[in-house]
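The values are calculated or read from the model by the stated rules, or taken from the named source; none is laboratory data. Everything numeric here is computed off the predicted structure, so don't read it as measured data. In this analysis, Cβ positions are derived from the backbone assuming ideal geometry, glycine residues included, and neighbour counts consider all displayed protein chains.
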Amino acid sequence: MNSIILSSPLPLDQNAAAVYIASLGGVHSSGGRTQAQALRVIAEIFKTSPISINWGALRYQHTSMIRSQLMNRYAPATANKMLSALKQALKHARRLGQIDGDDYSNAIDLDPIKGETLPAGRELSTGEILALISTCRKDKNTHAGTRDSAIIGTMYAAGLRREEVVNLSLSSYDQDTGQLTLTGKRNKQRTAYITNGAKSALHDWITIRGNAPGALFVEVNKSGTMHTLESMTPQAIYKILRKRARQAAIRNFSPHDLRRTFISHLLDAGADISTVSKMAGHSNVQTTVRYDKRPEEAKRKAAELLHVPY
């Protein structure tokens, strides 16, 4: 049997993991970055790196051992995502002719890891959203306040991931209809609609930005000017939200918490969960269900039916 750990790495176009990550758009894409990290975790089980593994040499006994290791180290949802990356690496090994059909079928025949955990992070209140926008609007010394109002409004109104925000171009947005065309994970396109205050905030920002082609959201320097219409980085979005949370005197939150808030508030308002799932770009409605806090509210009300005589 071929050795699992290679004495010298294969060319990248023959390494199943590298070919898989390349198919996602490379390690710098949102999906590629996540899956590359998953494959690094798996490779560390063998005390090596993904490019030093002969993925086509993995058999059921190896993948079963990997599943066991992941199950003991990570929450079920995280472990299952890593197993998905493993199966995709094996799928590309199959396409490269490095593993035969029977061995491949047996190696990927892994049961999902059972269990459920509550989603990490928190939901923002409508008061906190208002505080963030108000803080941005008070920033009148530079154009950054107008831009940040538009960023926060758009992320909340459309449930965008930070990678999706920075990938938006001016042409992604129809200023007449409010339709936003964006590309999410695995290069899946979807549309969103920017309305009400979010649309007004975005209109004010575009008035400042201008109608020249380029990224929708761009860097604004300390003097309040824009030197370029190139895209911002996902890390820049993270820093903006941290800064505005501090200025608004609210508890820190992550970019994904705005997305969580978008989903939760829509469900609370009575939107159909299937529609919300499509708006969020979820491939499975069960992913959206994890953000639905209405069952928790029902449990809280049920608990209030009991009276402790203290």
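Exactly one condition in (1) β-branched (V, I, T); (2) touching a Lys or Arg at 6+ places or on another chain (Cβ under 6 Å); (3) surrounded by fewer than 20 Cβ atoms within 10 Å (Cβ to Cβ) is not met by I206; state its number.
(2)
Would you say V308 is buried (at least 16 other Cβ atoms within 10 Å of the Cβ) and in a loop (DSSP other than H, G, I, E, B)?
no
Considering only region 225-265, state which residues are closer than 17 Å to A150 by Cβ, hydrophobic (A, V, I, L, M, F, W, C) and more than 21 Å from the chain's Cα centre (by Cα).
Within region 225-265, M226, L229, A248 qualify.
Among the residues of region 272-283, are any touching a helix residue (DSSP H, G or I) at 6+ places or on another chain (Cβ under 8 Å) and part of a loop (DSSP other than H, G, I, E, B)? So that I can check it myself, show each step before the final result.
So the first thing to find is which residues in region 272-283 are touching a helix residue (DSSP H, G or I) at 6+ places or on another chain (Cβ under 8 Å), and the list is 273-274, 276-277, 279-282.
Imposing the further condition that a residue be part of a loop (DSSP other than H, G, I, E, B) reduces the set to 281-282.
The answer is yes; a qualifying residue exists.
How many of the residues in region 96-146 are farther than 24 Å from I263 by Cα, touching a residue at least 60 places away in the same chain (Cβ under 8 Å) and not assigned by TED's automatic domain parsing to the domain that holds F217?
2
Specify which of the listed residues (R40, R67) is charged (D, E, K, R), crowded, with 18+ Cβ neighbours inside 10 Å and modelled with pLDDT of 95 or more. Walk me through it before giving the result.
Details: R40 fails: crowded, with 18+ Cβ neighbours inside 10 Å.
Step by step, each of R40, R67 is checked, and only R67 is charged (D, E, K, R), crowded, with 18+ Cβ neighbours inside 10 Å and modelled with pLDDT of 95 or more.
Kindly indicate whether any position in region 128-147 is of a type in the set (D, E), crowded, with 23+ Cβ neighbours inside 10 Å and outside any loop (DSSP other than H, G, I, E, B). Steps first, answer last, please.
Taking region 128-147 as the starting set, the residues that turn out to be of a type in the set (D, E) are 128, 139.
From what is left, the residues that are crowded, with 23+ Cβ neighbours inside 10 Å are none.
So far as region 128-147 goes, no, none of its residues is of a type in the set (D, E), crowded, with 23+ Cβ neighbours inside 10 Å and outside any loop (DSSP other than H, G, I, E, B).
Name the residues in region 173-201 that are more than 30 Å from N284 (Cα to Cα) and of a type in the set (A, V, I, L, M), would you?
A201
Taking I42 and the conditions (1) touching a Leu at 6+ places or on another chain (Cβ under 7 Å); (2) among the hydrophobic types (A, V, I, L, M, F, W, C); (3) not assigned by TED's automatic domain parsing to the domain that holds A89, which numbered condition does it fall short on, given that it satisfies the others?
Going through the list (1) touching a Leu at 6+ places or on another chain (Cβ under 7 Å); (2) among the hydrophobic types (A, V, I, L, M, F, W, C); (3) not assigned by TED's automatic domain parsing to the domain that holds A89, I42 breaks only (3).
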